[in-house]
1. Report whether or not residue 27 is assigned to a strand (DSSP E or B) and within 18 Å of residue 230 (Cα to Cα).
2. Looking at this structure, is residue 210 buried (at least 17 other Cβ atoms within 10 Å of the Cβ), in contact (Cβ under 8 Å) with a residue 12 or more places away in the chain and not in a helix (DSSP H, G or I)?
3. Being over 23 Å from residue 233 (Cβ atoms), in a helix (DSSP H, G or I) and under 25 Å from the mean Cα position of the chain (by Cα) narrows it down to one residue among 89, 79, 56, 84; which is it?
4. Yes or no: residue 373 surrounded by 16 or more Cβ atoms within 10 Å (Cβ to Cβ) and among the aromatic types (Phe, Trp, Tyr)?
5. In the set 59, 135, which member is at pLDDT below 95 and open to solvent by less than 70 Å² (accessible area, probe 1.4 Å)?
6. Pairs, please: C-beta under 9 Å, at least 6 apart or cross-chain, first residue at negative phi and in the range 151-166, second of a type in the set (D, E, K, R) and open to solvent by less than 40 Å² (accessible area, probe 1.4 Å)?
7. Here's a check for you: in the range 405-453, which residue that is assigned to a helix (DSSP H, G or I), open to solvent by 30 Å² or more (accessible area, probe 1.4 Å) and in contact (Cβ under 8 Å) with a residue 40 or more places away in the chain is farthest from residue 251 (Cα to Cα)?
8. Are there any pairs with C-beta distances below 6 angstrom linking a residue in the range 333-348 that is under 12 Å from residue 271 (Cβ atoms) to a residue that is not β-branched (Val, Ile, Thr), with the two at least 6 apart or on different chains, and if so which?
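The values are calculated or read from the model by the stated rules, or taken from the named source; none is laboratory data. Computed from a prediction, not measured in an experiment: that's the story for all the values here. Note that each Cβ is placed from the backbone with ideal geometry, even for glycine, and that neighbours are counted across all protein chains shown. These area figures cover heavy atoms from the full protein model, side chains too; ligands, DNA and RNA do not enter into them. Shrake-Rupley method; radii C 1.70, N 1.55, O 1.52, S 1.80 Å.
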Amino acid sequence: MAQIIKRGNTYTIRVSAGFDSMGKRIKKNLSWSPDPGMTARQIEKELAQQTAIFEKKVSSGSVIDSKIKFIDFAALWMKDYAEKQLAPKTVFEYGRLLVRINAAIGHIRLDRLQPQNLMEFYNNLAENGMKESQSLSPLPDLNRKIHAATKSIEEFARLSGISSRTIHGACEGTNVSNKSAQAISMALGGSVADYFKSSGIDQKLSGNTVKHYHRLISSILQMAVKWQVIESNPCSRVMAPKAERKESHYLDEKQAKHVIELLENEPVKRRTIITLLIYSGMRRGEACGLQWPDIDFKNNLIHIRRAILYIPGQGVFNTNTKTLSSVRTIKLSAIAFTLLKKYKKWQDEERLHLGVSWQSADREKAKTENKEYEPIEWLFTTWDGMPMNPDSITSWFHDFVIRNNLPSVSIHSLRHTNATLMIAGGANIRTVSSRLGHAQTSTTSNIYAHAIQSADAAAAETLENLLNPEQKNITGHKVDTN
């Protein structure tokens, strides 16, 4: 039988949930306040309904006690919310962040978690030595040496006993643990000093990274509020860590043209991928997710419908695009489609040459599952026709940049390059946002504020020249007409 206690305009519904191991009665409470304007009869009816619902939840064990520790609630949040509602890549990254979060506040009960606990954690994250404190930095030519030693990253991963994700990261310049550095160096036949250098112990996590931790904790605790485990979110009473605003790195028009010229000397598959990223501005996973039916050669259109992701333990798999607005159709130049036609001809020849080896993994999988084999015509594939790991594009481009002494840009910089050049060329922000697949134009405006300001200044100068041409002489200075 539920007990109802009224305090002011708030009702506390108290229900017994049996006894604990010490014989003490367990009580579950729910606070409920009527909406303004409700009559006494409406309040009575709604209170009875809320009581019945709460009693049912308690009896089924679906009510979570506020005394639950953060680590246990975070696990429930991951299982009941994150894994069902969020993208696999996001879930993986959250799991990685939770390792450090749980070590700091996982032992604290939700009803005892205070803003001070969070501030201490954020201050600790901002201290020296928190970023890969026991790691080593790869030397610039590690990528070249790994590719010279084996045919692929995956083969080197098997040889060294290190995950392909770690190998890819090392090739891109990401720090690795001492253990991983030793295994990589041994597989290459040298000492650690031949391929790595000390990363130092004074590295700090960026403000952006600390803010990622804050946002994740806040999301978890906000769900605890929604599930009525706690009454308020402690994160709402904490000043969010300050994130540094960084300008997006990109190539200017001259540099982009130079990259396209350099690609003339590269294998046709790599040349096509990078050129397509420059001309389209799509994400690398979206490029890997393209299939030949997505390419409209007649109208020079590309339909972006899916993305390829890689997660350790799950491997390469295809999924929906990042957001609903990321499903889009964009038009590309005739130059890009001429290259696509050349690449398709090359791929068709490769497929004929390999015969039954082409997509043999998919064929065997269909046979094992007793399903009819339906070949998927991926644009960008591994040697046997299977979808590419997006990390391999990043790794190759990193090596390409080093080999050609290009500015320090990443594969994602090509997306920024595309957007910046479109804005500089006069494309309106709505068009740029649509082609990039952003959910809101405000996202585009925030990321490319500098490019928009530069284009605006150029537009003002153009207008000045059009409306007052007689006010300037050939040197560009105003002429005194008095």
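1. Details: assigned to a strand (DSSP E or B): yes; within 18 Å of residue 230 (Cα to Cα): yes.
Yes, satisfied.
2. Numbers: buried (at least 17 other Cβ atoms within 10 Å of the Cβ): yes; in contact (Cβ under 8 Å) with a residue 12 or more places away in the chain: yes; not in a helix (DSSP H, G or I): no.
Here the answer is no, as residue 210 does not meet what is asked.
3. On the way: 79 fails: over 23 Å from residue 233 (Cβ atoms); 56 fails: under 25 Å from the mean Cα position of the chain (by Cα); 84 fails: over 23 Å from residue 233 (Cβ atoms).
So the residue among 89, 79, 56, 84 that is over 23 Å from residue 233 (Cβ atoms), in a helix (DSSP H, G or I) and under 25 Å from the mean Cα position of the chain (by Cα) is 89.
4. Taking the combined requirement at face value, the residue does not satisfy it.
5. Details: 59 fails: open to solvent by less than 70 Å² (accessible area, probe 1.4 Å).
None of the others qualify; the one that does is 135.
6. Every condition considered, the pairs that remain are 153/391; 164/391; 165/391.
7. Checking each candidate, the answer is 434.
8. So the pair list comes out as 336/279.
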